[in-house]
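J.: Supplied in structure tokens, the structure appears directly below.
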Amino acid sequence: MVKEDRIEGRKGNAARAARRIATCLLVAAATLASAGEAATVEKEGMRYEDTARVAGTRTVLNGVGVRGNDLFKGYVAGLYLPHKETEAEQVYALQGAKRISVRMLLGVNGDVLARTFSDGIRKNYKDDALDVLKARMDVFDSQVRAVGGVKKGDAIDLDFEPASGTRLLVNGKPQGDAIAGDDFYVALLKMFIGERAIDKGLRSALLGQRQ
């Protein structure tokens, strides 16, 4: 009888252990599911992962915002950095890979897109400072115009690769050679997060600042 009681006790212990393991597995699964949901940010139907690999390096999503207003929306943009920053000057000085990730909300031809970038850069520089950038701006302008236009949903990535410089990618495909110089990528950053950024609301969103 005692032996049977011991066997029954062992069975009971095994059953309780099995229930505890099952509970732990369910909690772990729920945690992973929550983490998966938190791993993306969505704006205007465009999804951004909370990390991205740029030039083989892990970067984190600093912020996401929309260019436009309630009546007109041009694109969604996300800023990826080696680590999060809330001040533009700190972003400019930050070493390592970076990405400005644009997702179009409407179609635009190559000429309009090129002018948008050119005007956005020029707003943040005086003429003498632009002289240093001009040759590289011309190369970038040619790369953008060569794309021939973009449509809703297209992805434009402006990557900074420390070893080579600024690289333009459209839907994941590189457009031309990398453009050398940290200062040129800073010029592109200023278009989005500079004192004279093209959209103040977008600027705040990319820097993760409260609006």
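J.: Would you list which aspartates and glutamates come within 14 Å of LYS84, measuring only between C-alpha atoms, while excluding same-chain residues fewer than 8 positions from it?
T.: Partners within reach: ASP50.
J.: Hey, can you grab everything whose amide H is under 5 Å from the amide H of GLY149? Only 5+ residues off in sequence or another chain; H modelled, so Pro and N-termini drop out.
T.: The answer is GLY110.
J.: Turning to a different aspect of this structure: Hey, what do the phi angles of the stretch 72-81 turn into as Karplus ³J(HN,Hα) couplings, whole Hz, using 6.51/-1.76/1.60 and θ = phi - 60°, x for Gly and Pro?
T.: 9, 10, x, 6, 9, 10, x, 10, 10, 9
J.: From the phi of every residue in the stretch 127-138, what ³J(HN,Hα) in whole Hz does the Karplus formula 6.51 cos²θ - 1.76 cosθ + 1.60 yield, where θ is phi - 60° and glycine or proline is x?
T.: Ordered by residue, 3J(HN,Hα) equals 4, 5, 6, 5, 4, 5, 8, 3, 4, 6, 4, 5 Hz.
J.: Per 0.36 nm of contour for each residue apart, how much would the distance between GLU42 and ASP131 grow if the chain were fully extended, relative to their Cα-Cα spacing?
T.: That works out to 28.2 nm of additional length.
J.: Starting at the first residue of the stretch 39-52, write each ³J(HN,Hα) from the Karplus equation 6.51 cos²θ - 1.76 cosθ + 1.60 with θ = phi - 60°, in whole Hz, x for Gly and Pro.
T.: Along the stretch 39-52, the couplings run 7, 9, 10, 10, 9, 6, x, 9, 9, 10, 6, 6, 9, 8 Hz.
J.: Straight-line reach from LYS151: which lysines have Cα under 22 Å away, leaving out those fewer than 8 places along the same chain?
T.: Straight-line reach from LYS151, under 22 Å: LYS43, LYS73, LYS173.
J.: Between GLU89 and ARG196, what length comes free when the chain is fully extended (0.36 nm per residue of separation minus the Cα-Cα distance, one decimal in nm)?
T.: Extending this stretch completely gives an extra 37.2 nm.
J.: Simple spin-label model, 7 Å along Cα-to-Cβ: ASP50 to LEU71 in nm?
T.: Result for the modelled spin labels: 3.8 nm.
J.: For the stretch 46-134, rounded, prolate or oblate, judged on the Cα gyration tensor with a ≥ b ≥ c (square roots of eigenvalues), a/c < 1.5 rounded, else prolate if a/b > b/c?
T.: oblate
J.: Report the Rg/Rh value for the stretch 73-211, based on alpha-carbon coordinates and the Kirkwood definition of Rh.
T.: Rg divided by Rh gives 0.93.
J.: May I ask you to list the lysines whose Cα is less than 22 Å away from that of LYS126, ignoring any residue fewer than eight positions away on the same chain?
T.: Within the straight-line limit of under 22 Å, LYS126 reaches these lysines: LYS134, LYS190, LYS200.
J.: Contour minus end-to-end for GLN209 and SER118, with contour as 0.36 nm per residue of separation and end-to-end as the Cα-Cα distance?
T.: Taking 0.36 nm per residue and subtracting the Cα distance, the gain is 30.2 nm.
J.: Now, a different point. With a cap of 16 neighbouring Cβ atoms within 10 Å, and only residues DSSP puts in a loop, list the GluC sites (Glu not before Pro) found in the stretch 69-155.
T.: Sparse-neighbourhood loop GluC sites (Glu not before Pro): GLU87.
Just so you know, all these numbers are worked out from the coordinates, no wet-lab data involved. Since we're looking at a predicted model, the values are computed, not measured. Counting neighbours? That spans all protein chains shown, and the Cβs are built from the backbone with ideal geometry, glycine included.
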